[in-house]
1. Go through the residues of region 412-434 one by one and say whether even a single one is modelled with pLDDT of 95 or more, farther than 21 Å from Ile215 by Cα and more than 24 Å from the chain's Cα centre (by Cα).
2. Applying the selection to region 274-305, what residues are without any contact (Cβ under 8 Å) to a residue 40 or more places away in the chain and of a type in the set (Gly, Ala, Ser)?
3. If I ask for residues that are of a type in the set (S, T, N, Q) and touching a residue at least 40 places away in the same chain (Cβ under 8 Å), which ones from region 219-260 would you list?
4. Taking the residues in region 23-50 that are aliphatic (A, V, I, L, M) and farther than 18 Å from Glu115 by Cβ as candidates, determine which candidate is nearest to the chain's Cα centre (by Cα).
5. Residue check: is Ser307 hydroxyl-bearing (Ser, Thr, Tyr), assigned by TED's automatic domain parsing to the domain that holds Val12, assigned to a helix (DSSP H, G or I) and at negative phi?
6. With the condition kept exactly as written, say whether any residue in region 167-181 is closer than 26 Å to Gly315 by Cα and either over 21 Å from the mean Cα position of the chain (by Cα) or part of a loop (DSSP other than H, G, I, E, B) (or both).
7. Only one of these conditions is not met by Val93: (1) closer than 30 Å to Glu7 by Cα; (2) surrounded by fewer than 21 Cβ atoms within 10 Å (Cβ to Cβ). Which number is it?
8. When the residues of region 2-61 are narrowed to those that are in a helix (DSSP H, G or I) and among the hydroxyl-bearing types (Ser, Thr, Tyr), which ends up modelled with the lowest pLDDT?
Amino acid sequence: MSATFKEFDAIVVGSGQGGNPIAFALADAGWQVALAEGKHVGGSCINTGCTPTKTMIASARIAHLTRRATDYGIDSATGSVNFSKVRQRKDEVVESFRGGSRQRLLSTPNISLLEGYARFVGKKQLEIELAKGEKKFITADKVIIDTGSSPSMPPIKGMDKVKALDSTSVMELDTLPDHLLVIGGGYVGLEFGQMFRRFGSKVTIVQRNKQLLPIEDQDVAEAIAKILREDGINVLLGTDTREVNTHENEQISLTLDTGGKEQILSGSHLLVATGRAPNTSYLNPEGTGITLDKRGFVPVNEQLETSVPGIYAIGDVNGGPAFTHVSYDDHTILLKNILQGGKADTSGRLLPYVVFLDPQLGRVGLTEKEAEDRGYDYAVAKIPMNWVARAIETDETRGLMKAIVDKKTDRIIGAAILGMEGGELMSAIQIAMLGGVPYTVLRDGMFAHPTLSESFNKLFGSMESS
């Protein structure tokens, strides 16, 4: 007996930070929308990404500042960490966000929330496997895929035989690691490495590349490595992990190769932070005529449409930059095109992001290396954070500010702010970039004292004296 498919105007697969808002917008426009979510409403950002990690990072910063209290002339306690309370606080915040999103979906007219895993079984036809094995069959002319990505494990010898942690499971530990080994020197590895060091764990970060955060300029990466080492983190660069082993005392050992020199490093826990893979294995995009790329992502054009007209993929699953705000921006592009008949696309959009270390790294636009590779006639503005009055007054002087300016137009084409509230300072520069404001406006503008923003006077003034 063939299945009967219920028809909708649109189907959204995945309730992440792009899927939810597009479902709400289409529903508000009078569309009948089915939203399928296999795990938790809110996607990875709310459940396993931004919200829980930044909540725990906030706790780690309080522990760090408590231990530094004497630097400010304050007598304080030892700053001991109640890790179960840290985890409880994280869980409460996540549940609040998740529950609020779910309740809004359930109460919004024109949205049918189907809590189950979706897979294509025909052209624009999906089977939803609900709890207890029940199945529903749905179809629509418009389908938006927002299934996201998940942590992946590298093909290292012995990895399948150890209890390796990823960015999700490491937040569910009951006790603090004695010595946390971290494979990977990208955003995830660095944020968790510093966090657990501040909670009291010994931490070693093993990075295959010769610098942390390989896409950043070398001076920025070196400044980050210096900060982490000051925090007591062992940072090993240019180091391959050849093999992983577990021993009888439950210790985990890594066999490492640094420039041909072998060493064995042991720790109590292992966090693997080397990348993510798209959540497409169950989705069966081939069932609707979509061919995945060699990495398993859903290919799209600049308007986020797949090879099948009317089917779109947004967020991590399409292989673009894996940031929540990219997924959200993707949804705005679709809305302009689907509801307003526009021709919006992803070309030319500025990509901002923040690495939530302490201090933060805020990045937007081109690096110096990218500007050079693209043939720009550019100038560099750069100052250390210890030139910033506000940073000195708060004793948060680690890091640097750097901006890249196109000499032909005097416009800012990139910035990296490694310093206190680096993300907010970067965003201010991004606003100038979006508006096409020449760097001289920030150089000569009057900003309130003593704020971090007044550092733009010195930053862009340094370009003329460099």
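1. no
2. Passing the criteria: Ser281, Gly296.
3. Matches in region 219-260: Thr241, Asn245, Thr246.
4. Ranking the qualifying residues of region 23-50, first place goes to Ala25.
5. Answer is no for this residue.
6. yes
7. Val93 satisfies all of (1) closer than 30 Å to Glu7 by Cα; (2) surrounded by fewer than 21 Cβ atoms within 10 Å (Cβ to Cβ) except (1).
8. Among residues in region 2-61 that are in a helix (DSSP H, G or I) and among the hydroxyl-bearing types (Ser, Thr, Tyr), the one modelled with the lowest pLDDT is Ser44.
The values are calculated or read from the model by the stated rules, or taken from the named source; none is laboratory data. Here the structure is a predicted model, which means the values were calculated and not measured. Every residue, glycine as well, gets a Cβ built from its backbone with ideal geometry; the counts of neighbours run over all protein chains shown.
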